[in-house]
Amino acid sequence: MAETAVPDRSIDKYKLLTALTQARAAFRVTDRDLVVLSALVSFHQDRELGGDDLIVFPSNAVLSERAHGMAESTLRRHLRALVQAGLILRHDSPNGKRYATRDGAGALRVAFGFDLKPLIIRADEIFAAARAAHEAAETLRRLRERVVLQLRDARKLIEYAQETLPTPVDALDDQARLLCRTLRRKLDQEDLKELAVQAAEVLAMANALFPNDKTEEMNGNDDQNERHIHYSTKTLYESEPSKKMEEREPSAPPCPSEDRKVDTQLPLGLVLKATPDLRDYAPDGIKDWHQFIVTVAFVRGMLGISEHAWLEACRIMGDVNAAISVACMLQRAEHIAKPGGYLRALSARTADGQFTPGPMVMALLRAENVKAA
C-alpha cells in the first residue's frame, strides 16, 4: 500500500467518510474507529483528498480534542484498528513524534504522521461496499415488512375467527403471538427468511378458517347468475329515483350515533385492510365506524348508487353492514356493471337471511394475500 502510486484523482472526503460509515462492517471497523478517522481527515486542509500531500501529523492531545475528548489510550487503540483495516498508514519519525519539515519557501518537505493515501486507493472499493450494504439493508427491510404484514393479517383473521366461529383457534393464536415476539429481536437475513416461511404458514392456516365455498364472490356480470340476482323486469330502482321519490326521501345519509351499537362483528381494521381504495376518499383518515359510513355515503353516489337504494340497504342490513358492502363494491368496481342493482340484490338476500358482508371482506383479503405472495 505504501509503495502504490496515488491515483490521479480527487474525492470529496465527506462523501468518502459517509460511504465508509455505511460499509464499516465490510472493513471490520466500528463507529468509534470512524470517529477517530473523521478527526484525522479533518486535519487535511482541502475538502477533496488528492495529490501527494496526504499525510496529517496531529499530536495525540490535539487529535483527542477533535475526537470529542477521547482518552489517549482509547485513541491509540482505534488508530491501530484503522491501520490494521488498511484505511491509513503510519509514517513514523526517528523519535516517534509526528511533525513536518519545510523548506525555505515554506513548502512541505517531509512529514511524519498518518498517511490518508489508502482512502484514495480504496475509494472504489469503499463506494462499492457502501452500495452493497445499502442493498442488503433494503432487502432486509422489505423482508421484515413482509413478515410484519403477514402476521398482522393473520392476527386480524384469527381475531375475527374467535368472534364468529365455534371452532377454537387458541393454538393458532399462540403461534402467531410467538412469531410476533420473535420479530421484536434484531434478526439477520437468514433468520428473517425462516420467520417469513413460518408467518406464511400461519397466514395460510388463518385463511383456511374461512373456506372458499362459503365466500361471497363479487361479480356484476348478469350471466354469472349464481353470484348476482337478475331482475327479469326492470324496475324504477335500477335507475335514479324519480323526482317525487327524491322529495319524500331524507337528503342526509344515515350515520350511527355515538351510543348506537355497531351492527357487525367485523373489526374496522380488517375491513379497511380489505378495502384500501376507500382511504383515497378520506383525506383525514378513517378512525371509527362513523367516519367509515360518512365516507361510504359520499362514495356511493360516485358508483351510481341512488340514495333510495342506499337508504333501503341501511334499513335492511344496518348502517355498518351496508357501508361495508358498498366499500367492497368500490374495491371491485370494475367487475360490477350495475352497482345500484347489485346493492338491491344484496339487500334482498339479507332480508331472506342469505347474506352478510363478512365473506365479501374475506374474499378481498384472500385476493390481496395471493397478490402479495
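Give the accessible surface of segment 261-373 per residue, rounded to a whole number of Å², with probe radius 1.4 Å and ligands, DNA and RNA excluded.
On the way: 4670 Å² over 113 residues.
Per residue, segment 261-373 has an accessible area of 41 Å².
Calculate the FRET efficiency for residue 311 and residue 148 from the Cβ-Cβ distance with a Förster distance of 41 Å, rounded to the nearest 0.05. Present the calculation step by step, with values, prior to reporting the outcome.
Numbers: r = 40 Å, r/R0 = 0.98.
Rounded to the nearest 0.05, the efficiency is 0.55.
Extension gain residue 131-residue 190, at 0.36 nm per residue separation less the Cα-Cα distance, in nm? The partial results should precede the final answer.
Values: separation 59, 0.36 × 59 = 21.24 nm, distance 2.02 nm.
The span from residue 131 to residue 190 would gain 19.2 nm if fully extended.
Could you compute the FRET efficiency for residue 46 and residue 124, with r as their C-beta to C-beta distance and R0 at 25 Å, rounded to 0.05? It would help to have the intermediate numbers written out before the result.
Working: r = 20 Å, r/R0 = 0.81.
Efficiency, rounded to the nearest 0.05: 0.80.
Calculate, for residue 8 and residue 60, the FRET efficiency according to 1/(1 + (r/R0)^6) with r their C-beta to C-beta distance and R0 30 Å; round to the nearest 0.05. Write out the running numbers ahead of the final one.
On the way: r = 33 Å, r/R0 = 1.11.
Computed FRET efficiency for residue 8 and residue 60 comes out at 0.35.
So how much slack lies between residue 84 and residue 180, counting 0.36 nm per residue of separation and subtracting their Cα-Cα distance, in nm? Before the final figure, lay out each step's value.
Details: separation 96, 0.36 × 96 = 34.56 nm, distance 4.11 nm.
Gain in length upon complete extension: 30.5 nm.
The values are calculated or read from the model by the stated rules, or taken from the named source; none is laboratory data. Here the structure is a predicted model, which is why all the values come from computation and not from measurement. FYI the Cβ positions are ideal-geometry reconstructions off the backbone, even for glycines, and counts take in every protein chain you see. Accessible surface is based on the protein model in full, side chains and every heavy atom, while ligands, DNA and RNA are left aside. Shrake-Rupley method; radii C 1.70, N 1.55, O 1.52, S 1.80 Å.
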